[in-house]
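I have placed the structure first, in the form of structure tokens, so that the comments after it can refer back to it.
Rule-based calculations on the coordinates, nothing more; no lab input. It should be emphasised that the depicted structure is a prediction, and the values quoted were computed from it without experimental measurement. All Cβ positions, glycine included, derive from the backbone under ideal geometry; neighbour counts span all protein chains shown.
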Amino acid sequence: MFRGTFTALVTPFRSDGALDEDALVHLVERQLESGIDGLVFFGTTGEEASLTLHERRRTIELVHKRAGGHMFVVAGAFDNVTERAVTLAREMDWLGVDAILSVVPYYSRPNQAGIIEHFRRIADAVDSPVILSNAPGRVATGLEAESYRGALPLAAGAARRRQMRGGEGRAESTRPLEERLRQAVVARRSLRLT
């Protein structure tokens with residue numbers, strides 16, 4: 001599904017704290033010129049927590065305007081409250097990103113069943129593939145290997161609903177969640193997203 005080199009891109013700001021749209025477009029153009037295959041925005045090590053929804057929307061709009069169709073766009077959409085994470089994921093999905101980067105809920109320290117439920121609710125809410133980010137050192141808990149295996153059979157509730165509606169959404173969204181998760185983890189390993 002995803003191959004190549006992806007850059008975890010910073011979101012540039014002006015000295016007044018506003019999104020620096022010119023600098024963002026310049027950074028995207030640099031990545032295009034360098035042959036980068038994809039960009040990851042709003043990751044766990046950046047400024048994601050300080051961005052407004054408007055700034056997120058505008059970032060993705062500018063990226064699509066400049067690089068749409070030329071590289072993959074992955075957007076982080078996470079929160080320690082599942083409903084807020086779902087809302088962000090839906091917004092990024094609606095904007096047309098190629099994948100959603102989702103992280104184990106931080107601060108709240110859910111058990112393994114809670115982590116799986118968190119990811120399931122996000123995956124069921126969007127058409128885009130969901131890349132699972134597991135950074136236990138940052139979130140005080142992590143997705144254990146056995147839990148990951150348990151998440152695989154979370155059968156494509158969203159995909160089944162889309163099929164019943166007549167296949168709305170992206171073509172890859174009708175694949176079983178098991179396949180989407182497996183490919184996302186493979187993609188994460190090859191991209192070394194942490």
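A few remarks follow.
- Any chance Thr7 is surrounded by fewer than 19 Cβ atoms within 10 Å (Cβ to Cβ) and touching a strand residue (DSSP E or B) at 6+ places or on another chain (Cβ under 6 Å): yes
- Flag if Thr7 is within 15 Å of the chain's Cα centre (by Cα), more than 26 Å from Glu117 (Cα to Cα) and polar (S, T, N, Q): yes
- Ser50 being under 23 Å from Ala145 (Cα atoms) and more than 14 Å from the chain's Cα centre (by Cα): no
- Test set (1) within 18 Å of Thr7 (Cβ to Cβ); (2) not in a helix (DSSP H, G or I) - Asp79 fails condition number: (1)
- Failed item in (1) part of a loop (DSSP other than H, G, I, E, B); (2) within 22 Å of Ile60 (Cβ to Cβ); (3) of a type in the set (S, T, N, Q), with Ser102 passing the rest: (1)
- Candidates Val40, Val63, Val74, Val25, filtered to the one that is over 23 Å from Val126 (Cβ atoms), outside any loop (DSSP other than H, G, I, E, B) and touching a residue at least 24 places away in the same chain (Cβ under 8 Å): Val25
- Single match in Glu47, Glu117 (criterion: of a type in the set (Asp, Glu), under 29 Å from Ala23 (Cβ atoms) and either surrounded by fewer than 19 Cβ atoms within 10 Å (Cβ to Cβ) or out of contact with any helix residue (DSSP H, G or I) (no Cβ under 9 Å at 6 or more places or on another chain) (or both)): Glu47
- A residue that is in contact with a strand residue (DSSP E or B) (Cβ under 8 Å, 6 or more places away or on another chain), surrounded by fewer than 20 Cβ atoms within 10 Å (Cβ to Cβ) and closer than 30 Å to Pro105 by Cα occurs somewhere in region 24-36.
- Residue list for region 105-131, filter: under 20 Å from Arg56 (Cβ atoms) and either in contact with an Asp or Glu (Cβ under 9 Å, 6 or more places away or on another chain) or assigned to a strand (DSSP E or B) (or both): Pro105, Tyr106, Arg121, Ala125, Val126, Asp127, Ser128, Pro129, Val130, Ile131
- Set side by side, the residues Leu53, Leu32 differ, and just one is free of Cβ contacts under 8 Å to residues at least 40 places away in the same chain, over 19 Å from Pro129 (Cβ atoms) and touching a His at 6+ places or on another chain (Cβ under 7 Å), which is Leu32.
Residues checked against (1) over 19 Å from Trp94 (Cα atoms); (2) of a type in the set (A, V, I, L, M, F, W, C):
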position: Thr7; (1), (2): yes, no
position: Thr11; (1), (2): yes, no
position: Asp20; (1), (2): yes, no
position: Leu24; (1), (2): yes, yes
position: Ile60; (1), (2): no, yes
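- Each residue in region 82-99 was checked for being in a helix (DSSP H, G or I) and touching a His at 6+ places or on another chain (Cβ under 8 Å), and 2 pass.
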